[in-house]
Amino acid sequence: MKTKNNEQQEIIDKIFDYAANLMVEEKKSPIETLSALIDEGLDKESAIIVINNIEQQIKDAEKARANKDMLYGALWCIGGIIVTVVTYSIAEGGGIYFVAWGAVLWGAIQFIQGIINSISSKTVDLMDILE
């Protein structure tokens, strides 16, 4: 019984790996991937389930990356501002201070990029397209 379950799981894994390779590595659209899966013998409903699952995983990974960009961008920007404020405070009596504009700018750009990536979405509902 376990052998049969293991074999089924291996087949499912191979189908997902094949579809993920088409969508991620070869940059195939969901429709092209659907066609390729059907050509390989998978029924339409199962192929749609596979593609929707992979698209959700891609969306989740993109969202996690966007959140990471926003976090690190905020840290760089705030860190640059803190360095600037602290060195300015120390040098207030006429000394030299450091303006960390590079860190502030880099952080702001990375933060904004994270926001844009968080808002944008690439997922397509295949059922809407195929109807």
Number of positions in region 75-122 that are among the polar types (S, T, N, Q), within 24 Å of the chain's Cα centre (by Cα) and in a helix (DSSP H, G or I) = 4
Of all residues making up region 14-64, the number that are closer than 29 Å to S118 by Cα and acidic (D, E) = 7
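What's the total number of residues in region 25-34 that are in a helix (DSSP H, G or I), of a type outside the set (A, V, I, L, M, F, W, C) and loosely packed, with under 14 Cβ neighbours inside 10 Å? Explain how you work it out, then say what you get.
Taking region 25-34 as the starting set, the residues that turn out to be in a helix (DSSP H, G or I) are 25, 30-34.
Filter again for of a type outside the set (A, V, I, L, M, F, W, C), leaving 25, 30, 32-33.
Next, only the ones that are loosely packed, with under 14 Cβ neighbours inside 10 Å stay: 25, 32.
Qualifying residue count for the region: 2.
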For residues that are within 20 Å of E32 (Cβ to Cβ), surrounded by 13 or more Cβ atoms within 10 Å (Cβ to Cβ) and not charged (D, E, K, R), scanning just region 55-71, find the one that is farthest from the chain's Cα centre (by Cα).
-> Q57
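No value in this document is a laboratory result; all are computed from the given coordinates. Note that the coordinates shown come from a computational prediction; the quantities given were computed from them, not determined experimentally. In this analysis, Cβ positions are derived from the backbone assuming ideal geometry, glycine residues included, and neighbour counts consider all displayed protein chains.
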